[in-house]
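As structure tokens, the structure follows; a few thoughts come after it.
The values are calculated or read from the model by the stated rules, or taken from the named source; none is laboratory data. Treat the numbers as computed from the prediction; the structure is a model and nothing was measured. FYI the Cβ positions are ideal-geometry reconstructions off the backbone, even for glycines, and counts take in every protein chain you see. We work out accessible area using only protein heavy atoms, side chains counted, and drop any ligands, DNA or RNA first. Shrake-Rupley method; radii C 1.70, N 1.55, O 1.52, S 1.80 Å.
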Amino acid sequence: MRRNSVIWMILVGCMAALIAQVALAANVKVTPLGGQDGEFCPQDRALIFEDPNGTRILYDAGRTVAGPNDPRLGKIDIILVSHMHGDHVGNAHNKEPNSGSCANPDVSVSALPNSNTANIALAKKAKIVTGSEMPPFFAGKLKANGGDPRDSILARLGGSVKVGGVTIATVTALHSNGLDPDYIGGELGKSMKDAGIAGYVGEATGYVLTFSNGLVVYLSGDTGITSEQDTVVRGHYKAKLAVLNIGDTFTTGPMEAAYVINNLVQPASVIPSHANEVATKGGKVLPGTKTETFTNAVKVPVHVPLSGKMMEFDSNGKCVAGC
Ligand SMILES: [Zn+2]
């Protein structure tokens with residue numbers, strides 16, 4: 001009897017070690033949901049992250065996810081919104097994937113006053129995790145449309161929440177975050193629109209995600225250069241994969257973004273985002289683009305987000321498939 005229980009304990013120990021090894025070996029899958037299959041286009045922001053445990057996270061749905069019925073979405077457990085500007089929360093969207101062209105996408109479907117984000121969350125019964133003062137806005141939209149307001153979850157700067165096995169923290173983004181009066185509507189919305197003012201929903205944010213295989217990912221949102229990219233994102237969280245805006249005018253341009261990667265965040269690899277240009281043709285980066293300038297200036301591997309092309313990253317932020 002005693003010998004049996006010893007053998008049993010050894011067996012259980014071996015199984016636990018094996019399971020731990022499988023979890024470590026497992027990769028995080030990243031799939032861009034852009035405007036045109038196989039390309040990196042001006043409106044592209046949306047990415048799906050899939051944890052090895054199956055949890056699927058949609059980051060900044062924007063205008064290139066064709067509403068809740070976009071067949072590329074599949075199961076969505078969590079939606080992240082860096083800030084409330086229309087190209088991130090989705091004030092409008094394409095009719096279907098590949099509507100229009102890369103340079104001139106057809107984003108003629110209005111998502112007002114709900115937002116593409118709220119519509120997708122309602123259809124998928126997904127949680128929306130945001131920082132700042134944004135959760136009450138989404139809770140209101142969910143409630144007004146028959147959803148559960150408790151599905152809008154707060155992760156304010158400095159704290160974190162764990163949802164579906166993924167730890168989600170928000171970090172500083174140097175940007176603005178006005179809520180367009182079109183989401184408010186009625187007399188108040190009209191008065192605000194006439195006065196040219198936006199609603200207050202707190203600071204714009206970025207995110208740091210820690211997946212179940214240990215991979216730490218920095219999602220910049222829209223931001224300029226911040227000292228927190230050094231002290232918090234690298235210093236505290238030690239992000240190994242970064243998704244960074246490079247588009248200039250509204251955010252860091254390609255050279256500022258390269259400085260952020262080389263000197264501040266120092267990840268193992270980077271996915272450029274928010275380029276606001278036709279960056280590729282036939283999946284190849286076009287000469288003279290901001291994406292090319294950024295790629296040439298960065299010292300770590302740059303993985304251009306080609307719509308629909310899944311990439312896999314290991315726990316160290318190295319792309320191991322699809323790049
Ligand atoms: Zn913005």
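So for region 44-135, averaging the separation of alpha carbon pairs under 8 Å that are six or more residues apart and normalising by length, what relative contact order in percent results?
28 percent
So, how do all the Cα-to-Cα distances of region 115-208 break down into 10 Å bins, in percent, from 0 on up? All Cα pairs, binned at 10 Å, distribute as 16, 42, 34, 8, 1 percent. Fully extending the segment from Ser227 to Met255 would add 8.4 nm, taking 0.36 nm per residue of separation and subtracting the current Cα-Cα distance. What the Kirkwood sum gives for the chain is a hydrodynamic radius of 20.1 Å, with every pair of different alpha carbons counted.
Using DSSP, restrict attention to beta bridges with both residues in region 154-292 and report what percent are antiparallel, rounded to the nearest 5.
Counting DSSP beta bridges with both partners in region 154-292, the antiparallel share is about 70 percent.
Do any trypsin sites (Lys or Arg not before Pro) in region 57-99 lie in a DSSP loop with no more than 12 other beta carbon atoms within 10 Å, and if so, which? Of the trypsin sites (Lys or Arg not before Pro), the ones in loops of region 57-99 whose Cβ has at most 12 other Cβ atoms within 10 Å are Lys75. Label-to-label distance for Lys143 and Asn262 is 5.0 nm, based on points extended 7 Å past Cα in the beta-carbon direction.
Working note: 222 nm ellipticity from helices only, DSSP H runs with n ≥ 4, each -39,500 (n - 2.57), summed and divided by the residues of the chain, gives -6500 deg cm²/dmol to the nearest 500. Among complete DSSP H helices in the chain, those whose alpha-carbon atoms stretch at least 30 Å along the helix's long axis and whose mean Kyte-Doolittle hydropathy reaches 1.0 are 2-25.
What share of the DSSP beta bridges in region 17-141 is antiparallel, in percent to the nearest 5? Could you put the intermediate results ahead of the total?
Details: 11 of 17 bridges.
If we restrict to bridges inside region 17-141, about 65 percent are antiparallel.
Less than 5 angstrom separates the built amide H of Val171 from those of Gly206, Tyr207, Val208, all sequence-distant by 5 or more or on a different chain. Couplings 3J(HN,Hα) of region 298-311, computed from phi: 8, 8, 10, x, 9, 10, 5, x, 8, 4, x, 8, 6, 10 Hz, in residue order, whole Hz [Karplus 6.51 cos²θ - 1.76 cosθ + 1.60, θ = phi - 60°; x for Gly and Pro]. Each residue, Asn104 and Lys299, gets one label point 7 Å from its Cα in the Cβ direction; the gap between the two is 4.4 nm. The phi torsions of region 147-159, fed into the Karplus equation with coefficients 6.51, -1.76 and 1.60 and a -60° offset, translate into couplings of x, 9, x, 6, 6, 9, 10, 8, 9, 7, 2, x, x Hz, rounded to whole numbers, with Gly and Pro shown as x.
Within region 160-207, list the chymotrypsin sites (Phe, Trp or Tyr not before Pro) lying in a DSSP loop whose Cβ has at most 11 other Cβ atoms in a 10 Å radius.
On the way: sites: Tyr183, Tyr200, Tyr207; in loops: Tyr200.
Those satisfying the criteria are Tyr200.
Across region 110-115, computed HN-Hα scalar couplings (Karplus, 6.51 cos²θ - 1.76 cosθ + 1.60, θ = phi - 60°) run 6, 10, 7, x, 7, 4 Hz from first to last residue, x flagging Gly and Pro.
These residues, Arg45, Arg234, go from largest to smallest accessible area, 1.4 Å probe, as Arg234, Arg45.
For region 163-268, the direction-averaged projected area of the alpha-carbon convex hull comes to 8.2 nm².
Please find the FRET efficiency linking Val320 to Lys238, where r is the Cβ-Cβ separation and R0 is fixed at 25 Å, and quote it to the nearest 0.05.
Working: r = 19 Å, r/R0 = 0.77.
The computed FRET efficiency comes out at 0.85.
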